[in-house]
C-alpha cells in the first residue's frame, strides 16, 4: 500500500528536496494533477505555512485527497524528508483515532482494533511534487483557521493540544467536494475508506488461502482414501 504525499512548491523549497513530479497528460499543466485515494494508494496534499509573516514558527497542513480529512503539525525546527514521512505516517492515524473517540463514532476497543489493522497494511511512503487545486482551497481554509486561532489566543505557535482540537473540529464539519456537487464529513469519509482498505486486504488474503487449501486436498496421500464395502 502506497502512502503518496504530494508536496506543494512552498513545502518542497522548505524541505530543500528534489522531488519527482507526477506524470501528466499531453496538453495539461505540469504539477497540478488531481489525485485520489484508492485501494492501492492513499494520497495526501501537504503544505506548510508561516504562522505569521516572517515567523520561525510554522504549521504543516496535510489533507487527505478524497475525504478532506485534515491534520496539523506544529513545526519549529527543520525536518528531513524521512523525519516528516515518519511523522505523517503516525500522525494521521493518531488524529483519526482521537477524532473517532472525541466525536463518539466508536468505542475505544474498536478504535484500537482499527489501528491494529491499519498497521498491517504496511504503508510505503512516496513523495511527489504536486498541488491538487481542488484540495488547495481546503488547505487555504485550514491555514486561516490556524492564523486566526493564534491571533485570538495571542500565541506564536500551535500547541499539540490546540492543533489536535482544531483538527477534530474541522474533521467533524461538512466539506464540499467535486466542485461543490457533493458533501462529505471528513472523519466519516476517512473511516469508511480505511474500512474498505482493511476489507479488501482480508478478501485478498482469503483468496490466497483458498487455492492453497485446495492443493493440499488434491495432494492428500492415497492411503487416506476410505473404500466403502458393497
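No lab work stands behind these numbers, since they all come straight from the coordinates. Since the model is a prediction, treat every value here as computed from it, not as a measurement. A quick note on method: Cβ atoms are made from the backbone with ideal geometry, for glycine too, and the neighbour counts reach across all protein chains shown.
Pull up the DSSP beta bridges for the chain and report the antiparallel fraction as a percent, rounded to 5.
Given both bridge residues lie in the chain, the antiparallel proportion sits at roughly 55 percent.
So if I take the centroid of the Cα atoms in region 128-147 and the same for region 43-106, what is the distance between those two points in Å?
Using only Cα atoms to place each centre, the spacing works out to 12 Å.
Between [x] 61, 57, 36; [y] 48, 39, 31; [z] 93, 47, 38, which entry matches Cα extents along the principal axes in Å as derived from the coordinates of this structure?
Structure-derived value, by its label: [z].
Could you work out how far apart the two model spin labels at residue 89 and residue 165 are, taking each label as a point 7 Å from the Cα in the direction of the beta carbon, and quote it in nm?
If labels sit at residue 89 and residue 165, their model points lie 3.2 nm apart.
Given labels modelled 7 Å from the Cα in the Cβ direction, how far is it in nm from residue 201 to residue 176?
About 3.6 nm separates the two model spin labels.
Using alpha carbons only, how many degrees (0 to 90, rounded to 10) separate the axis of helix 108-119 from the longest principal axis of the chain?
80 degrees
For region 76-134, place one equal point scatterer on every Cα, skip the solvent, and apply the Debye formula. What is log10 of I(q)/I(0) at q = 0.14 Å⁻¹?
-0.55
Quick one: angle between helix 160-171 and the longest Cα principal axis of the chain, in degrees between 0 and 90, rounded to 10, please.
Tilt relative to the chain: about 70 degrees.
From the helices alone, meaning DSSP H stretches of at least four residues, give me the mean residue ellipticity at 222 nm for the chain, per-run term -39500 (n - 2.57), in deg cm²/dmol to the nearest 500.
Helix contribution divided over all residues of the chain: -15500 deg cm²/dmol.
Compute the helix-to-body angle for 133-153: its Cα long axis versus the longest principal axis of the chain, expressed 0 to 90° and rounded to tens.
In the chain, helix 133-153 runs at an angle near 60 degrees to the longest axis.
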